[in-house]
Amino acid sequence: MTDDRRQAWAAVRRLPGEGLALLDGADDPWARWARGVLLQARGDFGQSLRLLRVTAASGGEIGALSSARIASGLRQLDAHRTAMPWDARATRTAVADGWIGLAADRVGVADASGAARVLTTVRPRDVRDDIRRSWVSCEIALLQGHGRAATRHAERALRLSLGWGPRHEIKSRLFLAATLRVREPERSVRLIRPALTEAVRGGLWPLVWPMVAVLGDRAEPGQEAAAVRAVAYIAPRLPTGVGATWLARPDITAWRAAASGPTTGTDRTSRTSAS
């Protein structure tokens, strides 16, 4: 592994601010890829996609990782069908990200059986691949109405993430809390509250509003305010021509309105996306 590649992977395992600081001054292709990943984790989707489109043209491993990350960003903005060609590009290499992404894309269009078929082709190369595969397995189980199976997948993702990095650990806690929201609401709340605090502290704005959505009526005023802050951060940083579906979501619309005044009785749903 080259020094550039090693530094890039060390950066993406950190929270956005820490990782971007680690990359300070570096301008090689691996640093640009890592910067794109971290900007997306912070919610700077437009800037992230501009960087990643450049590295996606490189081909090879970095091109595949970049293409899959572009797809991940599009998926987080509910542009699942737009994400599919990017994930398909990523499958042309041995990198697992493209196949995991294609499965997640199919979850986004409510094709659970198609997602499950795609996921059987995944051959994880490392812990990160295994975590992300577990996330999508969790989403598939939820889509199929198999709550206990979804919980098992989320618990596995959380166990694996404890040795990988804080971004993946926080997101795994979100997945697990989402699977427990109806069946074990108290446990769900106990999981999500500290994870939400860490997400706000780390500037993981794309995770903050789904966490508050999982809390639902259990969200405290400060947590509601965090969701408003997250949406207000992301909205002006969307890629050109992307994000209209996300902005039109009832929960996103309500939180944007809340930035201008109080709202009550908001019906909120959440959907996480493999990252």
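The values are calculated or read from the model by the stated rules, or taken from the named source; none is laboratory data. Not measured: the values here are computed from a predicted model. Heads up, the Cβs are rebuilt from the backbone with ideal geometry, glycines too, and the neighbour counts pull from every protein chain shown. Accessible surface is based on the protein model in full, side chains and every heavy atom, while ligands, DNA and RNA are left aside. Shrake-Rupley method; radii C 1.70, N 1.55, O 1.52, S 1.80 Å.
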Would you mind checking region 49-75 for residues with the amide N under 18 Å from a putative spin-label position 7 Å along Cα→C-beta of ARG125?
55-72
Under the definition of Cα pairs under 8 Å and six or more residues apart, what whole-number percent is the relative contact order of the chain?
17
Inverting the mean 1/r over all pairs of different Cα atoms, compute the Kirkwood radius of region 1-155 and quote it in Å.
15.7
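Before anything else, pin down the relative contact order of region 165-210: Cα pairs under 8 Å, at least 6 apart, normalised by residue count, whole percent. All intermediate terms of the calculation are to be shown ahead of the outcome.
Working: 32 pairs, mean separation 17.1, N = 46.
Across region 165-210, relative contact order equals 37 percent.
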In vacuo Debye sum over C-alpha of the chain, base-10 log of normalised intensity I(q)/I(0) at q = 0.08, 0.10, 0.12 Å⁻¹, listed in q order, is -0.29, -0.46, -0.68
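For region 56-140, rounded, prolate or oblate, judged on the Cα gyration tensor with a ≥ b ≥ c (square roots of eigenvalues), a/c < 1.5 rounded, else prolate if a/b > b/c?
Numbers: a/c = 1.80, a/b = 1.20, b/c = 1.51.
It comes out oblate by the Cα gyration axes.
What does the highest-first list of 176-189, 202-215 look like by mean Cβ count within 10 Å? Show your work: numbers first, answer last.
On the way: 176-189: 18.3, 202-215: 24.8.
Taking the mean over residues of other Cβ atoms within 10 Å, the ranking is 202-215, 176-189.
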Å² per residue, accessible surface of the chain at 1.4 Å
42
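Once every DSSP H run of n ≥ 4 in the chain is given -39500 (n - 2.57) and the sum is divided by its residues, what mean residue ellipticity at 222 nm do you get, rounded to the nearest 500 deg cm²/dmol? It would help to have the intermediate numbers written out before the result.
Working: 16 runs with 194 residues, N = 275.
Theoretical 222 nm ellipticity from helices: -22000 deg cm²/dmol.
When the accessible area of the chain is computed with all protein chains present and a 1.4 Å probe, what percentage of it is carbon and sulfur? Intermediate values should be presented prior to the final figure.
Details: 5990 of 11600 Å².
Answer for the chain: carbon and sulfur cover 52 percent of the accessible area.
Rg(Cα) of region 130-189 divided by 2.2 N^0.38 Å?
Details: Rg = 10.5 Å, N = 60, 2.2 N^0.38 = 10.4 Å.
After normalising by residue count via 2.2 N^0.38 Å, the value is 1.01.
What does the C-alpha gyration tensor say about the overall shape of region 99-146? Classify as rounded when a/c is under 1.5, otherwise prolate if a/b is larger than b/c, or oblate.
Here region 99-146 falls in the prolate category.
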Take the Cα coordinates of region 110-268, assign each an equal point scatterer, and use the Debye formula without solvent to give log10 I(q)/I(0) at q = 0.18 Å⁻¹.
-1.19
Checking the a/c ratio against 1.5 first, then a/b against b/c, what shape does the Cα gyration tensor give for region 1-83?
oblate
